[in-house]
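Step one of this worksheet: look at the structure below.
The values are calculated or read from the model by the stated rules, or taken from the named source; none is laboratory data. Worth saying up front: this structure is predicted, and the values here are computed from it rather than measured. Neighbour counts are summed over all protein chains in view; Cβ atoms, including those assigned to glycine, are modelled from backbone coordinates with ideal geometry.
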């Protein structure tokens, strides 16, 4: 239990630092904003208490909001995906039995399974984040293109990160 707790604390700190120091300063062509910090929420254990999941997600979003000067945008998007995460896992992996402390990582649920899971939740995160940011439908298709491109770019960076630093199944 302590191992899972310590691993998630280290993951939280590392992802927050990388997001704040590197990815918050990137804006590729005005369309793509990479959000690697979402990986912390995606990789929390499957059988985590629902209240704890919401609290950790809120704290994650609040940290990014604090450093990015975006009052409440990331917190709202993170709590939204935390709320949808258990249902998404049940829907996508109904035939998979998760052990205590098991994470929905590519090496446990498969690469294609992780891609489906992460694309769905990152897409929801981006929709909530970008549409709350503009709070208008005047630029609907511009914002939608930002959502799609940022989702693809964020998921690609997450997969690369997991391939480089993830724990492989023996």
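With respect to the numbered conditions (1) modelled with pLDDT under 95; (2) in contact with a helix residue (DSSP H, G or I) (Cβ under 9 Å, 6 or more places away or on another chain), which one is the sole condition not fulfilled by residue 56?
(1)
Does region 58-91 hold any residues that are assigned to a helix (DSSP H, G or I) and without any contact (Cβ under 8 Å) to a residue 12 or more places away in the chain, and which are they?
At the first step, the residues of region 58-91 found to be assigned to a helix (DSSP H, G or I) are 58-68, 73-91.
59, 65, 66, 87, 90, 91, listed by residue number.
What number of residues within region 47-68 satisfy the criterion of being crowded, with 22+ Cβ neighbours inside 10 Å and under 21 Å from residue 99 (Cα atoms)? Spell out how you get there, then give the answer.
If we filter region 47-68 for residues that are crowded, with 22+ Cβ neighbours inside 10 Å, which is where we start, we get 57, 60-61, 64.
Then drop every residue that is not under 21 Å from residue 99 (Cα atoms), which leaves none.
Residues that pass the stated criteria total 0.
Inspect region 105-114 for any residue being under 16 Å from the mean Cα position of the chain (by Cα) and closer than 26 Å to residue 145 by Cβ and give the result as yes or no.
yes
Which condition breaks for residue 95 when tested against (1) closer than 22 Å to residue 60 by Cβ; (2) over 15 Å from the mean Cα position of the chain (by Cα); (3) outside any helix (DSSP H, G or I)?
(1)
Quick one: which residue in 13, 41, 55 is assigned to a helix (DSSP H, G or I) and within 13 Å of residue 122 (Cα to Cα)? It would help to see each step written out before you state the result.
Working: 13 fails: within 13 Å of residue 122 (Cα to Cα); 55 fails: within 13 Å of residue 122 (Cα to Cα).
Going through 13, 41, 55 in turn, just one is assigned to a helix (DSSP H, G or I) and within 13 Å of residue 122 (Cα to Cα): 41.
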